[in-house]
Amino acid sequence: MIYDSFFTSTKKLALLIDPDKHSTESVTLVARLAEALKIDYIFVGGSILMANIEHTIQFIKGYYSGPVLLFPGNSCQVTHNADGILFLSLISGRNAEFLIGNHVVAAPQIKQIGLEVIPTGYILIDCGKTTSVEYMSNTRPIPSDKADIAIATAMAGEMLGLKCLYLEGGSGANSIIPSSIIKGVKTTTQIPLIVGGGIRTDKNLLDVYEAGADIAVVGTAIEKDQSLLQSFATVRNSCNK
Ligand code: 1GP
């Protein structure tokens, strides 16, 4: 079970691949790099997709032997060749479609395929700009200075039985999730904590890990400069010594 690996005490790194943001060549390159650097997970998805997600995963799996998890923007992004799915419920929002609606549509197909399902409380935090997830989900992010609301939302997600939490600043966010929010959520909940959005530098990554993230997600930075994956892996490794 991939979910069991979320509980190891080591810091883990996930590479987000949005199929629309990579050419076949760059998917090949980052998948090879991810394999060489032992990147813990590759997440695949996007708020809206023109490219074929199944083909992208096929390419990734040609070079990367770790777990490939769907990170779906909507119920259309379910495919059989992934290893599992972050079954995201957008608990910071009040849009029923992203809390339960898309899930109802996707559930029969997910069951038929037999994907490992990881029920995930997805919490969107305002990190300085309107992101695709905010616009597409038609929900308001939690203001970055309202740690109490983010913490209460995370606590409610855990009480509802969700198996992990994802603090999301949104792809290409101007800043990372504030440490106060990451720390507050980590110390008040027991389930694994994923943090992503706006991680561009080694320091950003270190700050996210030191605040309490179990899994950090990087996407946009690697689309712009694939060599950053090496230094991000080094930061992860140094945290695990
Ligand atoms: C977005 O958290 C991920 O869903 C990654 O964000 O693209 O800003 O790294 P970035």
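According to the square roots a ≥ b ≥ c of the eigenvalues of the Cα gyration tensor, what is the shape class of the range 44-114, taking rounded for a/c under 1.5, prolate for a/b larger than b/c otherwise, and oblate for the remainder? Prolate, since a/c reaches 1.5 and a/b exceeds b/c. Per residue, the solvent-accessible area of the chain (1.4 Å probe, heavy atoms of protein chains only, all protein chains present) comes to 44 Å². In terms of its C-alpha gyration tensor, the chain comes out rounded, because the ratio a/c of the largest to the smallest axis stays below 1.5. In this structure, the pairs whose alpha-carbon distance is over 20 Å, taken from Lys163/Lys183; Lys11/Lys186; Lys146/Lys183; Lys12/Lys129, are Lys12/Lys129. Expressed as a whole percent, the accessible area of the chain that falls on carbon and sulfur atoms is 55 (1.4 Å probe). Ordering Ser238, Ser65 by accessible surface, largest first, gives Ser65, Ser238; the 1.4 Å probe counts only protein heavy atoms, with every chain in place.
Counting charges near Pro178 (Lys, Arg +1; Asp, Glu -1) among other residues having Cβ under 12 Å from its Cβ returns a value of -1. In terms of its alpha-carbon gyration tensor, the range 172-234 comes out prolate; a/c meets the 1.5 threshold, and the first ratio a/b outweighs b/c. Using the Cβ of Cys127 as centre and a radius below 14 Å, the other residues enclosed give a net charge of -1, where K and R count +1 and D and E count -1. Among beta bridges from DSSP that stay inside the chain, the antiparallel ones total about 0%. Magnitude of the charge dipole for the chain, about its Cα centre and with charges confined to Cβ atoms of Lys, Arg (+1) and Asp, Glu (-1), is about 280 debye. With contacts taken as Cα pairs under 8 Å at a separation of at least 6 residues, the chain carries a relative contact order of 19 percent. Cα centroid separation, the range 1-62 to the range 160-214: 19 Å. The listed residues Ile60, Ile48, Ile151, once ranked by accessible area (1.4 Å probe) with the largest placed first, stand as Ile48, Ile151, Ile60.
Considering only DSSP states other than H, G, I, E and B, which trypsin sites (Lys or Arg not before Pro) in the range 1-51 qualify as loop sites with at most 16 other Cβ atoms within 10 Å? Listed in order of number, the matching sites are Lys38.
The solvent-accessible area of Thr234, taken with every protein chain present and a 1.4 Å probe, is close to 80 Å². Think of the range 10-239 as a dipole: +1 on every Lys or Arg Cβ, -1 on every Asp or Glu Cβ, centred on the Cα centre; then among Asn52, Ile123, Pro192, Pro192 lies furthest on the positive end.
Remark on Phe43: its backbone amide H falls under 5 Å from those of Leu15, Leu16, Ile17, Leu69, a criterion applied only to residues 5 or more positions apart or on other chains, H modelled at 1.01 Å from N.
The values are calculated or read from the model by the stated rules, or taken from the named source; none is laboratory data. Note that this is a predicted model, so its numbers are computed, not measured. Here the Cβ is made from the backbone with ideal geometry for all residues, glycine too, and neighbour counts use every protein chain on show. Just so you know, the surface numbers come from the protein's heavy atoms only, side chains and all, with ligands and any DNA or RNA stripped out. Shrake-Rupley method; radii C 1.70, N 1.55, O 1.52, S 1.80 Å.
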